[in-house]
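Worksheet: the structure to be examined is printed underneath.
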Amino acid sequence: MGNLFNKERLKIFGWYKRERTKLEKWYELNEKVRFGLVGFANMAMRYVFFVATGMIFSTLHYQIVLLLTWFLSSFIAFAAYKILVFNTVGNHVREYLKSIMIWSLSYLLNAGILEVLAGWLVLNVYLAQAAAIAVIMVINYVLFKYFAFKQPKPQTRWEKNTGFFQCIQLIKKSPQTRAFEISERLCQASLALK
């Protein structure tokens, strides 16, 4: 007689719940956890790049090795943070430029920490870099979350509804000079009504 509980019969009655994909499960994780995991993977990759370029070019010039490491890992890190952590859409250039600013600051912090630990305190270069990475990871989360990948605050129902009336006020004030603003606000208002 066949299985009463096969997937096809359960789908007909709406009793079958499809399994979530691995990506859906990933996005169910807390954003800080995702940033930590992706950041850890990025920093581990950055550390491997640092060790590899250090072996190739010698650690006597560790600041040059650090610059090469940051340059190589920035492309991968941007894509990973944008897609896997903050899941933002569009604004690629603006977000990448902000990310470059954050990485520039991070690079300077990293170079300073590395100079203090490896240069002045004469710690092992590799241990000094591992310590620097730990400090920078926390700073980077705050900067990426609230600066580079900052999402606009969702509009309340009141703000959506009053947007239409703001368009009418713009039309009354100066229809020739504000045509672009009017059309933009009308589009926003029509999208809010959907």
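Annotations for the structure displayed:
- Accessible-area value, TRP26, 1.4 Å probe, nucleic acids and ligands omitted, Å²: 60 Å²
- Solvent-accessible area of ARG94 with every protein chain in place, 1.4 Å probe, in Å² to the nearest 10: 110 Å²
- Sorted peptide list for 125-132, 108-115, criterion being average Cβ within 10 angstrom, highest first: 125-132, 108-115
The values are calculated or read from the model by the stated rules, or taken from the named source; none is laboratory data. Fair warning: this is a prediction, and the values are worked out from it, not measured in the lab. Neighbour counts run over all protein chains shown; Cβ positions are idealised from the backbone, glycine included. The accessibility values were calculated without ligands, DNA or RNA, using every heavy atom of the protein model including side chains. Shrake-Rupley method; radii C 1.70, N 1.55, O 1.52, S 1.80 Å.
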